[in-house]
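Below is one structure, written out as structure tokens, with a few remarks after it.
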Amino acid sequence: MKDRVLTLPDDELLFWNRVTVRLRREELPGKPERIVRCVTCGEKVFDAKDIMGEGDNAGPLCVSCAHGAYYQTGE
Ligand SMILES: [Zn+2]
């Protein structure tokens with residue numbers, strides 16, 4: 001069976017279907033239209049991916065500063 005998959009013609013293995021993908025303007029590929037700096041770490045944040053901070057962190061924040069990083073630094 002495994003070898004059969006490797007030899008099947010595309011039209012037996014797959015089907016094709018036209019789809020519509022809705023993207024926001026800032027999700028489109030290409031040159032960023034808006035760049036801001038995170039008020040906490042100074043990292044550049046592109047195209048509306050910043051989160052507006054409040055209080056001591058008032059201003060645009062990167063995702064890591066707003067919600068915490070998905071990684072930990074090594075020591
Ligand atoms: Zn940041």
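Here, each number is a calculation from the coordinates, and none is a lab measurement. In this text, all values refer to a predicted model and were calculated from it rather than measured experimentally. As a convention, Cβ positions derive from the backbone with ideal geometry for all residues, glycine included, and neighbour counts pool all protein chains shown.
Couplings for the stretch 66-75, taken from phi via the Karplus curve 6.51 cos²θ - 1.76 cosθ + 1.60 with θ = phi - 60°, read 7, 10, x, 6, 7, 9, 10, 6, x, 10 Hz in order; Gly and Pro are left as x.
Dipole orientation for the stretch 15-75: of the candidates Val39, Ala69, Pro29, Pro29 has the Cα lying most toward the positive pole (charges on Cβ; Lys, Arg +1; Asp, Glu -1). Here's the list of aspartates and glutamates a cross-link from Lys49 could span, going by alpha-carbon distance under 14 Å and ignoring same-chain residues fewer than 8 apart: Glu26, Glu27, Glu33. The aspartates and glutamates within cross-link reach of Lys2, meaning a Cα-to-Cα straight distance under 15 Å and a gap of 8 or more places when in the same chain, are Glu12. Sorted fewest first by neighbouring Cβ atoms within 10 angstrom, Thr40, Thr20 come out as Thr20, Thr40. Inverting the pair-averaged 1/r between distinct Cα atoms of the stretch 4-67 gives 15.1 Å as its Kirkwood hydrodynamic radius. Largest GNM mean-square fluctuation across Val39, Val21, Val63, computed for the chain with C-alpha springs under 10 Å, falls on Val21.
Remark: the stretch 3-75 carries a charge dipole of roughly 340 debye about the Cα centre, counting +1 on each Lys and Arg Cβ and -1 on each Asp and Glu Cβ.
For the listed peptides 64-73, 29-38, a ranking on the average number of other beta carbons within 10 Å per residue, highest first, reads 29-38, 64-73.
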